[in-house]
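Shown next, in structure tokens, is the structure this report addresses.
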Amino acid sequence: MKTETKKMRELYDQWQTQGISKQAFCNRNGIGYHKFNYWVKKFRGKNVAPVEPTRGFSQIPVQQPDLIEQNQQVLAAITFPSGARIELFGSLDASFIKKLIL
């Protein structure tokens, strides 16, 4: 059985890689905010090496808006849970879409 410290350390590491607020992380994982905040402060004070994020932003080159034809229709659209929406025009490469999603 995992000790409380190990369990909270794993949760802390997960939170570090997700890039969301402590409150949102606690809500998603059913953890008390104040309890989690206690452990965050404890781990930050111990010179623990930061965990490298497994997700993040990728630089994706895009066409200049003036080069996109005015009457071109949206070929695909991706709407994220946060409400952010990406509209894609023209021919698409599967690896390009994968970079947007992952």
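Any read-out appearing in this document is the output of simple, stated calculations on the displayed coordinates, not a laboratory observation. In this text the structure is predicted, and so the values were computed from the model without any measurement. Neighbour counts run over all protein chains shown; Cβ positions are idealised from the backbone, glycine included.
Some notes on this structure:
- Residue separation of PHE89 and ARG9 scaled by 0.36 nm, minus their Cα-Cα distance, works out to 24.5 nm of gained length.
- Two-site label geometry, SER21 and THR79: point separation in nm, points 7 Å out along Cα→Cβ: 2.3
- Amide H contacts under 5 Å for PHE89, placed H, 5+ residues apart: LEU75
- For the stretch 33-44, backbone phi angles converted through the Karplus equation (6.51, -1.76, 1.60; θ = phi - 60°) give residue-by-residue couplings of 4, 5, 5, 5, 4, 4, 5, 4, 4, 5, 5, 5 Hz, Gly and Pro being listed as x.
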